[in-house]
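Novice: Structure below; questions to follow.
The values are calculated or read from the model by the stated rules, or taken from the named source; none is laboratory data. Predicted model, so just to flag it, every value in this text is computed and none were measured. As a convention, Cβ positions derive from the backbone with ideal geometry for all residues, glycine included, and neighbour counts pool all protein chains shown.
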Amino acid sequence: MNNKDFMAEVSRRMGYSLKDTSALLSVLVSEIGDCLEEEQTIALQGFGTFEVKKKLERVVVNPTTQQRMLVPPKLAVTFKPSPLLKEKYNKED
């Protein structure tokens, strides 16, 4: 499902116009991005948790040249699905 299909489905289900749905989703994504920039955790009940984690610097080895390189520390966004979401997709039919 691409962005256009997603917006059309949300618009249909909520009874909003496509323009209103687009604005709503834009605000939602913007707010999520702002919270993640401030390194806040975002928990969506029944869906999961978005969190910013700090990755420490580490040394890696290039397998071809055997040269050691230092990878600098960085921030990464992680997602942990809720138990309900996991259960929904891990059911055996």
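Novice: Considering the range 1-26 alone, what residues qualify as being more than 26 Å from GLU87 (Cα to Cα), aromatic (Phe, Trp, Tyr) and assigned to a helix (DSSP H, G or I)?
Specialist: Of everything in the range 1-26, nothing turns out to be more than 26 Å from GLU87 (Cα to Cα), aromatic (Phe, Trp, Tyr) and assigned to a helix (DSSP H, G or I).
Novice: So, in the range 47-86, of the ones that are polar (S, T, N, Q) and under 14 Å from the mean Cα position of the chain (by Cα), which residue ends up farthest from LEU28 (Cα to Cα)?
Specialist: SER82
Novice: I've got another one for you. For the range 47-77, give me each residue that is loosely packed, with under 10 Cβ neighbours inside 10 Å and closer than 17 Å to ILE32 by Cα.
Specialist: The answer is ALA76, and nothing else.
Novice: From the residues in the range 1-59 that are among the small types (Gly, Ala, Ser) and assigned by TED's automatic domain parsing to the domain that holds PRO72, which one is modelled with the lowest pLDDT?
Specialist: Step by step, filter the range 1-59, then rank; the result is GLY46.
Novice: Pull up the range 1-40, narrow it to residues that are out of contact with any Ser or Thr (no Cβ under 6 Å at 6 or more places or on another chain) and among the β-branched types (Val, Ile, Thr), then point me to the one that is nearest to VAL77 (Cα to Cα).
Specialist: ILE32
Novice: Please determine whether any residue of the range 44-57 is farther than 24 Å from PRO81 by Cα and among the aromatic types (Phe, Trp, Tyr).
Specialist: Checked the range 44-57: no residue is farther than 24 Å from PRO81 by Cα and among the aromatic types (Phe, Trp, Tyr).
Novice: So, in the range 1-46, exactly how many residues are surrounded by fewer than 11 Cβ atoms within 10 Å (Cβ to Cβ) and more than 17 Å from the chain's Cα centre (by Cα)?
Specialist: The qualifying residues number 6.
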